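**Student:** Here's a structure for you.
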Amino acid sequence: MREFLYVFEWDEHNLAFRRVGWSFRRWCVAAFRLMVVGASVGIMSVGPAWPVWERFFVERSRRHTNALRTEAAEIAKEIAVLEESCLGYWYERAQRFYRPLVGEAPMPESEWAGHMGGAPGTFSDRALYRGRRLFAEYQHLHRLLAAQAERLAFLPCLLPTEGVIVSGYGMRRDPFYKDWRMHFGLDIAAPYGTPVRATAAGRIRLASWDVGGYGLQVEIDHLNGLVTKYAHLSKTIVQPGQYVRRNQIIGYVGSTGYSTAPHLHYEVIERGIKVNPQRYILLPQDVR
Ligand SMILES: [Zn+2]
């Protein structure tokens, strides 16, 4: 028997009703009912007030959206400035200066615009694309320039000693034999003992006396098909097999061999053929 919240049981011994405690199931049912009631009350109180809530939420998200929009516009402006002043500058520089310097054709206009390899959608995508493209471009240019610098280090380009060119490459009346002969080098008159320098990096091929008239001579193999020869030296300070760099002193001016006065006889040999060394004097003497 139940009476509101209480449950009673008939007691046969005492012939009277006795109150008993709640079972677990009853506790569960009561809790569930309480929840249903609570939820109903909640819905009833929030429901009619919904338009107010909605206005609050909508207003809040609108404010948020506006703030984001302003921020995005500012970022867009900054990216546009960056793209113009920085990316644009380095693009132009690569196009007009570095690419011609390494002998490459300019980058196609369409590549810079991003028409190739997936057209970028928004302005920020485009700036990102251009930034990445330039990064790759400069890595490429750096590799090419490094290779070019390496090649140039081995290219003879200086006058090997400080002096006056007294005789060039070509036919001349020989100062020793007094007849017309081909002169295969450049004669540079300089005081006895003036330093003689390697005109480019290379490996010493020869540093010895020549019985043929060159006297004490040095030959440098530039490892690119070019050999330079320095003759009539008074002294040499290098050994065959040794590597030298451009400008390194290899010996001193003298008058050994077939020579009438202290001077340096300088030859440039292109794949076995003696050519005019003037073609390989590319820098003024004071640039060292
Ligand atoms: Zn000579």
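Coordinate-derived values only; no laboratory data. What you see is a predicted model; the values in this text were computed from it and never measured. Cβ: placed from backbone, ideal geometry, glycine included. Neighbour counts: every protein chain shown.
**Student:** For the chain, what number of Lys pairs, 8 or more residues apart or on separate chains, have alpha-carbon atoms under 30 Å from each other?
**Tutor:** Close lysine pairs under the 30 Å cut-off: 5.
**Student:** Next question. Check which residues have an amide H placed less than 5 Å from V196's amide H, if you skip close sequence neighbours.
**Tutor:** Residues meeting the criterion, in which the H sits 1.01 Å from N, are I250, G251, Y252, V253.
**Student:** While we're here: Sorting check: for 58-69, 262-273, which peptide has the highest mean count of neighbouring beta carbons within 10 Å, and how do the rest follow?
**Tutor:** 262-273, 58-69
**Student:** Counting residues in region 164-280 as N, plug N into 2.2 N^0.38 Å and put the Cα Rg over that result.
**Tutor:** 0.98
**Student:** Go ahead and set up a Gaussian network model of the chain, Cα springs under 10 Å, then flag whichever of G114, G21, G225 fluctuates most.
**Tutor:** G21
**Student:** Another question, then. Go through region 252-269 residue by residue and turn each phi into a ³J(HN,Hα) via Karplus (6.51, -1.76, 1.60, θ = phi - 60°); whole Hz please, and just put x for glycine and proline.
**Tutor:** 9, 4, x, 9, 7, x, 7, 8, 9, 7, x, 6, 9, 9, 10, 10, 10, 10
**Student:** If contacts are Cα pairs under 8 angstrom and at least 6 residues apart, what is the relative contact order of region 136-288 in percent?
**Tutor:** It rounds to 26 percent for region 136-288.
**Student:** Let me check against my output: what whole-number percent is the relative contact order of region 1-153, with C-alpha pairs under 8 Å and at least 6 apart?
**Tutor:** Dividing the mean separation by the residue count of region 1-153 yields 14 percent.
**Student:** Taking the chain as the reference, fit the longest principal axis to its C-alpha atoms, fit the long axis of helix 50-82 to the helix C-alpha atoms, and give the angle between the two in degrees, 0 to 90, nearest 10.
**Tutor:** 0 degrees
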